[in-house]
Amino acid sequence: FFAEIVEFQKIVGSLIELVDQLAKAAENEKMKAIGARNLLKSIAKQREAQEQQLQALIAEKKMQLERYRIEYETLCKIEADQNEFIDQFIFQK
């Protein structure tokens with residue numbers, strides 16, 4: 001009977017060790033999963049910030065394009081006025 005109890009204790013001890021190893025492995029995998037999830041959240045936030053920066057840059061470039069367009073139209077008008085003045089000056093002579 002005593003030998004059976006000792007054998008039972010050995011089996012239980014090895015079972016406890018196995019369960020402890022599995023618990024440690026599960027905890028390690030859990031930490032890896034948490035780390036991966038945090039990394040994905042970080043990447044998502046970085047992309048969101050980058051997208052906002054790019055949207056701001058697009059808006060800025062659109063405003064600059066509009067300023068250039070207005071300046072071009074103004075210069076075209078000035079050129080037309082000057083050409084008209086030159087033509088009138090030449091025809092007067």
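What follows draws every value from the coordinates through simple rules; no lab data is involved. Bear in mind that the values here come from a model prediction, so they are computed numbers and not experimental data. In this analysis, Cβ positions are derived from the backbone assuming ideal geometry, glycine residues included, and neighbour counts consider all displayed protein chains.
Return the sequence-ordered ³J(HN,Hα) values of region 4-16 in whole Hz as given by the Karplus equation 6.51 cos²θ - 1.76 cosθ + 1.60 applied to θ = phi - 60°, using x for Gly and Pro.
Residue by residue, region 4-16 yields 5, 5, 4, 4, 4, 5, 5, 5, 5, x, 5, 5, 5 Hz.
Please give the length that would be gained between residue 84 and residue 67 if that part of the chain were fully extended, namely 0.36 nm times their separation in residues minus their C-alpha to C-alpha distance (nm, one decimal). It would help to have the intermediate numbers written out before the result.
Values: separation 17, 0.36 × 17 = 6.12 nm, distance 2.56 nm.
Extra length available between residue 84 and residue 67 comes to 3.6 nm.
Select from 34, 75, 53 the residue farthest towards the positive end of the dipole of the chain; place +1 on Cβ of Lys and Arg, -1 on Cβ of Asp and Glu, and compute about the Cα centre.
Positive-most Cα among the choices belongs to 34.
For the pair residue 91 and residue 60, how long in nm is the line joining their label points, each one 7 Å along Cα→Cβ?
Simple spin-label model gives 4.9 nm for this pair.
Roughly how large, in nm² to one decimal, is the mean projection of the convex hull of the alpha-carbon atoms in the chain? The partial results should precede the final answer.
Details: hull surface 30.6 nm².
Mean shadow area of the hull around the Cα atoms is 7.7 nm².
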